[in-house]
Structure formats: C-alpha cells, structure tokens
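Notes for the one structure printed next.
Each value in this text was obtained by applying a stated rule to the coordinates, not by laboratory testing. The shown structure was predicted, so the numbers you read here are calculated from the model rather than taken from an experiment. Glycine gets a Cβ as well: all are built from the backbone with ideal geometry, and neighbour counts include every protein chain shown.
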Amino acid sequence: MISNARDAIIYAAPDRDDSCPRTITIRTFHQNDEVVATVSDTGPGIPAAIQDRIFEPFLTTKEVGMGLSIIYHFVEDIDGKIEVSSHPDTGTTFTLSFPAAEEPVQ
C-alpha cells in the first residue's frame, strides 16, 4: 500500500506543481471492536472508471502489478475489511479494519 501511495505521488503526476504537497499519511486507531489503519496519499486519485475493480487480480495502472489484489485477499483471510475513497486530484485513502484481539483470560 505504501509503495502504491509513493508511486501515486511521484510517478502518476510527475508534472504536478511543487506547491501542492506530495504526502503519505498513515494513521492507526482502535474503534469499537476493531483496529483500523488508513493510508492516504495526495496523488491524482484512482480513475472513477476502475475504482470498483481495483482489487481484481492483474488490474493495474502500472506496467506490472497485483499488489491490491494480494492485499485484499490477505485482509479478507484474517476477517478484515478494506475500503477505498478516491477523488480526482485530491488523492486516495485506503481504510483497513481488523477484529481487535481479545485480552487473554488470566
């Protein structure tokens, strides 16, 4: 996810005005019974035409890629969820939610 965010802010918009910050923000927090992590970038966003297909194997905007499909299945395998919010020219945020571990019984 972080390398995808890096690619978005560096390679997807190489002629972007330097006054617009190229930023990746990672946040983690506990919410209800879940642990949540968000990865946000200030890249050009994911094209609307493919947003609902980004977790498909072999779908990529790069020359080669399967990263999001692999991440999706990993998150799903451990009963997590992954969501995306992306807007043209303002960036993308991926939200990953996982069941919080229970405290061990003493």
Most packed first (mean Cβ within 10 Å per residue), the peptides 30-36, 71-77 order as 71-77, 30-36
Of region 74-91, those with amide N under 18 Å from the point 7 Å along the Cα→Cβ vector of GLU56 are 84
